[in-house]
Amino acid sequence: ISDRNKININYEYIQSIAEYRDVDVYWQFLETFIHEENHAVSKTRCWNLTEEQGEPSLIKSGYSSTMYWLDKSNKKVELVSYVFELFNEGVTEKRAREMFREYLRRTGHGDADKVKHFEQYLDTYHPYNRAIQVTEALTRRLAAMSGISEDAAWGAIKRGYFEGEDLLRKDFQEWFQEMLPPGFIDKLRVADDNDMKVLLKELEQMPFKKAA
């Protein structure tokens, strides 16, 4: 998503991936577009923190917060730090796949075998699969410990995504201490894909008490 409020997609790159993986290029484009569209409509806020020498800018989108540094002299943008980036991508991609499947269902676009092949491709090769698995494990834990359905728990996570909830809020932190393994949220803040594998294992191994 550019600073001109437009979604930029490299179609040639998408086409090359689709051809390499033998999947429908239109579906590959559409699924990517839906993912980026979810980013665009999630709660987004931007701040310029100072005007001295350059402009460090803090951008909050969904659950993630990213700080960039813009050097005015050469207009170079550098990534300074990020928080909850991969978790945010997991929520985004899970939501995008829901919308994509619903589009196929409503339009009847494509036969069942072709749809299955494309979904298998996503489940096997997509870079945010591990983040989705962590998101789903968190959803199951939230549902079980709160005494609500998984659909309701996932709905709460989506609502927080679109409203830009701050996962570092004090009341959230107190609740997370009861619900999650020690230090889980601190690790999730800066997790890469390898870290997500470890966090998923921690979630799956930690017992939890179901709501009465």
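The values are calculated or read from the model by the stated rules, or taken from the named source; none is laboratory data. Because the structure is a prediction, the values reported are computed rather than measured. Cβ placement follows ideal geometry from the backbone for every residue including glycine, while neighbour counts extend to all protein chains displayed. What goes into the accessible areas is simple: the full protein's heavy atoms, side chains included, and nothing from ligands, DNA or RNA. Shrake-Rupley method; radii C 1.70, N 1.55, O 1.52, S 1.80 Å.
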Listed residue (LEU104, PHE176, VAL91) projecting farthest to the positive dipole end of the chain, Cβ model: PHE176
Selection from LEU167, LEU188, LEU199, by position along the positive dipole direction of the chain (Cβ): LEU167
FRET efficiency, 1/(1 + (r/R0)^6) with R0 25 Å, evaluated for PHE208 and ALA152 via beta carbons: 0.90
TRP175 accessible area, 1.4 Å probe, all protein chains in place, Å² to nearest 10: 90
Carbon/sulfur fraction of accessible area - the chain, other protein chains in place, 1.4 Å, %: 49
Ellipsoid semi-axes in whole angstrom, largest first, where each is sqrt(5λ) of the Cα gyration tensor of the stretch 96-141: 23, 13, 8
Residue-normalised accessible area of the chain, expressed per residue, 1.4 Å probe, Å²: 61
Convex hull volume of the stretch 157-208 per residue (C-alpha atoms, cubic angstrom): 96
Over 18 Å (Cα to Cα) - which of LYS94/LYS209; LYS43/LYS158; LYS94/LYS187; LYS94/LYS158 fall in this group: LYS94/LYS209; LYS94/LYS187
Gain in span if fully extended, TYR82 to ARG105, counting 0.36 nm per residue against the direct Cα distance: 4.7 nm
Cα-based Rg of the chain normalised by 2.2 N^0.38 Å, two decimals: 1.12
Longest exposed-site-free window of the chain, the sites being GluC sites (Glu not before Pro) in a DSSP loop that have at most 16 other C-beta atoms within 10 Å: 53-164
Unit charges on C-beta of K, R, D, E only; dipole of the stretch 83-148, Debye: 200
Computed label-point distance, nm, for sites GLU37 and TYR20 using a 7 Å Cα→Cβ extension: 2.6
Residue-count net charge about LYS43 - beta-carbon cut-off 15 Å; Lys, Arg +1, Asp, Glu -1: +2
Test item: Cα-centred dipole of the chain, Lys/Arg +1 and Asp/Glu -1 on Cβ, debye: 480
Net charge over other residues, Cβ less than 15 angstrom from the Cβ of MET99 (K, R count +1; D, E count -1): 0
Loop trypsin sites (Lys or Arg not before Pro), the stretch 94-190 (other Cβ atoms within 10 Å of the site Cβ: 15 or fewer; DSSP): ARG169
